[in-house]
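What follows is calculated from the coordinates using simple rules that are stated; it is not laboratory data. Note that this is a predicted model, so its numbers are computed, not measured. No Cβ is skipped: glycine too gets one built from the backbone with ideal geometry, and neighbour counts run over all protein chains shown.
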Amino acid sequence: MRTLKLASALLLAAASVTAAQATTVLDATGDFLASYGGAHDADLDVTEFSVVYNSIAQRFDYHATLAGNINNAIGGRYVIGVYTGNNTTPNNFSAIGAGGVLFNQAISISKAGVVTLGANTLSAATISGSTFFGSILVSQLTSQGFTPEQYGWNLWPRDAVSAGTAAISDFAPNNAVFAASVVPEPASWALMICGFGLIGGTLRRKARRTPAAA
């Protein structure tokens, strides 16, 4: 009984460690870029963006919220920039004062949920009201030296009318990239292994002590 209690405590601790480390980028409403040349549509204004790295399934799960419901009738798309390594000349937006937004791969998500990376179509995103979310396999992103948990992320909407950088309405985060949350984290994964190991050992001992049925 004491072993089972210890195992349960380890599993609960693992769950709490993972939950505590979740991070989300929050972005102010109405902070359209000064260089943006399009209409200030609410569904081109990011208010929340998060990416979680699932180290077991080897995928990234992304989720974004806009200031208004996503309207496919007026066009536009969402670009997730990913920085996968310490390139000597990474892409950035220094021309519009956002040199901290680094990327070497760009995932495009239409307002209808079509997801592309270069010439490749990825798993569709789900559009629901003012949010969109989906998953990207680690194998679909080419590392330039970083491990998956080191990748940098940024989200920027683009309208369907303006050209070049004038089509970019917002950055999340502003002038920076952020690393995905990792689930489960190494510490919590170790605790989970210990907890399941203790439970398994206890059950085996009980099985040996139980007399065989006649």
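Subtracting the Cα-Cα distance of residue 89 and residue 116 from 0.36 nm times their residue separation leaves 7.4 nm of extension gain.
If the segment from residue 26 to residue 39 were pulled out straight at 0.36 nm per residue, it would be longer than the present Cα-Cα gap by 2.5 nm.
Spin-label pair residue 179-residue 144: with each label point 7 Å from Cα along the Cα-Cβ axis, the two points sit 1.9 nm from one another.
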